[in-house]
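Below: the structure, in structure tokens.
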Amino acid sequence: QVAQFHEDGYLIIPGLFNEEEMEVMGKIAHADAELDKQALDRHDKEGNTTRISLKNSLSDDIYSAVSRCRRIVDSMEQLLGDEVYHYHHKMTMKEPFVGGAWEWHQDYGYWYNNGCLYPDMASVMIAVDRANKENGCLQVLRGSHKLGRMEHGVVADQTGADMSRVDEAMKILDLVYVEMEPGTACFFHSNTLHRSDANYSPHSRWTLICCYN
């Protein structure tokens with residue numbers, strides 16, 4: 001699995017959290033007034049809106065507990081080959097019919113500007129709701145982390161990769177739709193190109209993303 005992560009730039013682990021754990025998180029998150037209050041709107045180039053609630057610090061809530069748990073942290077240390085620290089975690093909330101797309105980008109495309117010298121960073125996306133093509137699941141370009149960091153600019157309210165280079169990468173790399181059941185996790189390298197479509201389905205697509213350096 002470690003070799004696969006380094007080859008593909010991502011690794012999908014079904015059932016990292018069980019159905020009961022994700023049901024609890026979903027109920028808490030959907031009823032969390034503070035999470036809702038702190039959420040920011042991010043528009044895609046079509047004008048659709050995705051909401052995101054991000055925290056740089058850890059507290060005593062369920063999201064921080066997941067960010068700290070050994071299933072995540074020990075796995076991340078195996079994949080990156082060293083001790084890791086929590087960079088931030090965020091809940092992304094694509095609501096039915098209106099949830100926007102995320103444009104093509106690399107996380108290190110903008111983390112680089114935050115003073116991170118090396119791209120020895122990765123994220124893990126945990127499906128709180130079922131994620132599929134219909135409701136705008138994660139998409140990755142397999143092996144794109146080997147391209148190195150691309151230039152990024154502003155796309156609507158988001159940071160997007162240089163599309164001239166993304167278009168060339170798409171000619172030679174496989175596009176993978178990361179469909180996940182609740183509790184499935186996808187670990188991906190900070191230079192892996194990824195995006196997602198808008199959610200025009202009647203089903204929400206919430207994911208918790210924990211990021212490490």
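Determine which member of the set VAL140, VAL154 is outside any helix (DSSP H, G or I), under 18 Å from PHE5 (Cα atoms) and of a type in the set (Val, Ile, Thr). First the steps, then the outcome.
On the way: VAL154 fails: under 18 Å from PHE5 (Cα atoms).
Checking each option against the conditions leaves just VAL140.
Being free of Cβ contacts under 8 Å to residues at least 60 places away in the same chain and either hydroxyl-bearing (Ser, Thr, Tyr) or surrounded by fewer than 19 Cβ atoms within 10 Å (Cβ to Cβ) (or both) is the filter here; which residues of the stretch 148-168 pass it? Step through it out loud before you land on a result.
Of the stretch 148-168, the ones free of Cβ contacts under 8 Å to residues at least 60 places away in the same chain are 148-154, 159-165, 167-168.
Hits for the stretch 148-168 are GLY148, ARG149, GLU151, GLY153, VAL154, THR159, ASP162, MET163, SER164, ARG165, ASP167, GLU168.
Among the residues of the stretch 9-29, which ones are open to solvent by 20 Å² or more (accessible area, probe 1.4 Å), in contact with an Asp or Glu (Cβ under 9 Å, 6 or more places away or on another chain) and either of a type in the set (Ser, Thr, Tyr) or in a helix (DSSP H, G or I) (or both)?
GLU19, ILE28 - these are the residues of the stretch 9-29 that are open to solvent by 20 Å² or more (accessible area, probe 1.4 Å), in contact with an Asp or Glu (Cβ under 9 Å, 6 or more places away or on another chain) and either of a type in the set (Ser, Thr, Tyr) or in a helix (DSSP H, G or I) (or both).
Quick check on ILE12: is it touching a residue at least 60 places away in the same chain (Cβ under 8 Å), over 14 Å from CYS210 (Cβ atoms) and under 18 Å from the mean Cα position of the chain (by Cα)? Working first, answer last.
On the way: touching a residue at least 60 places away in the same chain (Cβ under 8 Å): yes; over 14 Å from CYS210 (Cβ atoms): yes; under 18 Å from the mean Cα position of the chain (by Cα): yes.
When the stated conditions are applied, ILE12 passes them.
Looking at this structure, is ARG42 open to solvent by 40 Å² or more (accessible area, probe 1.4 Å), charged (D, E, K, R) and part of a helix (DSSP H, G or I)? Lay out the reasoning, then the answer.
Working: open to solvent by 40 Å² or more (accessible area, probe 1.4 Å): yes; charged (D, E, K, R): yes; part of a helix (DSSP H, G or I): no.
It is false that ARG42 is open to solvent by 40 Å² or more (accessible area, probe 1.4 Å), charged (D, E, K, R) and part of a helix (DSSP H, G or I).
May I ask you to verify whether ARG142 is over 26 Å from LEU117 (Cβ atoms), in contact with a helix residue (DSSP H, G or I) (Cβ under 6 Å, 6 or more places away or on another chain) and open to solvent by 10 Å² or more (accessible area, probe 1.4 Å)? Can you show your working first?
Numbers: over 26 Å from LEU117 (Cβ atoms): yes; in contact with a helix residue (DSSP H, G or I) (Cβ under 6 Å, 6 or more places away or on another chain): yes; open to solvent by 10 Å² or more (accessible area, probe 1.4 Å): yes.
Considered against the rule, which asks whether it is over 26 Å from LEU117 (Cβ atoms), in contact with a helix residue (DSSP H, G or I) (Cβ under 6 Å, 6 or more places away or on another chain) and open to solvent by 10 Å² or more (accessible area, probe 1.4 Å), ARG142 comes out as yes.
Against the condition closer than 26 Å to ILE62 by Cβ, charged (D, E, K, R) and in a loop (DSSP other than H, G, I, E, B), how does ASP129 come out, does it pass? Write out each step before concluding.
On the way: closer than 26 Å to ILE62 by Cβ: yes; charged (D, E, K, R): yes; in a loop (DSSP other than H, G, I, E, B): yes.
Answer is yes for this residue.
Scan the stretch 51-79 for residues that are outside any helix (DSSP H, G or I) and touching a residue at least 60 places away in the same chain (Cβ under 8 Å) and report the count. Walk me through how you get there before you give the answer.
Going through the stretch 51-79, the residues outside any helix (DSSP H, G or I) turn out to be 51-61, 69.
Subsequent filtering for residues that are touching a residue at least 60 places away in the same chain (Cβ under 8 Å) retains none.
Selection size over the stretch 51-79: 0.
In the stretch 83-103, is there at least one residue being in contact with a Leu (Cβ under 7 Å, 6 or more places away or on another chain), more than 23 Å from LEU16 (Cβ to Cβ) and in a strand (DSSP E or B)?
Here is the first cut: in the stretch 83-103, the residues in contact with a Leu (Cβ under 7 Å, 6 or more places away or on another chain) are 86, 88-91.
Pick out the ones that are also more than 23 Å from LEU16 (Cβ to Cβ) and you get none.
No, because not a single residue in the stretch 83-103 is in contact with a Leu (Cβ under 7 Å, 6 or more places away or on another chain), more than 23 Å from LEU16 (Cβ to Cβ) and in a strand (DSSP E or B).
The values are calculated or read from the model by the stated rules, or taken from the named source; none is laboratory data. Model, not experiment: these values are computed from the prediction. So basically every Cβ, Gly included, is an ideal-geometry build from the backbone, and we count neighbours across all protein chains shown. For the accessible areas, the whole protein counts, side chains as well, though only heavy atoms, and no ligand, DNA or RNA atoms are used. Shrake-Rupley method; radii C 1.70, N 1.55, O 1.52, S 1.80 Å.
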